[in-house]
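The values are calculated or read from the model by the stated rules, or taken from the named source; none is laboratory data. Computed from a prediction, not measured in an experiment: that's the story for all the values here. Here Cβ is always computed from backbone atoms with ideal geometry, including for glycine, and neighbour counts include all displayed protein chains. For accessibility, only protein heavy atoms count, side chains too; no ligands or nucleic acids. Shrake-Rupley method; radii C 1.70, N 1.55, O 1.52, S 1.80 Å.
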Amino acid sequence: MPEPHAAVCPQCKREVIFLEVGDKRRCPECGFEFELSPPVLPVVPEKVAWTLGKKLLVAAAIVLGVIAVAFGGCLLVLRNMKF
């Protein structure tokens, strides 16, 4: 079980170690209580993931296009050079 650590009470503004009472925590100084809840994990909808994937594919295509144009330009310059 994790060790309790001090936190600031939102009501009395003192740094206290909250007491565990069932599924609630209570401030020993002023009696302020709050319920513990499980952490909420962000949900990534499938549509958002698909949109991100499409954007990455478009970016990769643009980068490959720029590389192809640069390579083609270099070939044209080297072909016209006399050694």
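Quick check on my filter: what residues within the range 1-11 are open to solvent by less than 80 Å² (accessible area, probe 1.4 Å) and either in contact with a strand residue (DSSP E or B) (Cβ under 6 Å, 6 or more places away or on another chain) or among the aliphatic types (A, V, I, L, M) (or both)?
We begin by selecting, within the range 1-11, every residue open to solvent by less than 80 Å² (accessible area, probe 1.4 Å); these are 6-7, 9-10.
Matches in the range 1-11: Ala6, Ala7, Cys9.
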Given the conditions (1) open to solvent by 100 Å² or more (accessible area, probe 1.4 Å); (2) of a type in the set (Lys, Arg); (3) without any contact (Cβ under 8 Å) to a residue 12 or more places away in the chain, report the number of the one that Arg14 does not fulfil. (3)
Got at least one residue in the range 27-50 being surrounded by 11 or more Cβ atoms within 10 Å (Cβ to Cβ), touching an Asp or Glu at 6+ places or on another chain (Cβ under 8 Å) and charged (D, E, K, R)? no
When (1) of a type outside the set (Gly, Ala, Ser); (2) modelled with pLDDT under 90; (3) assigned to a helix (DSSP H, G or I); (4) over 32 Å from the mean Cα position of the chain (by Cα) are applied to Phe83, the one that fails is (3)
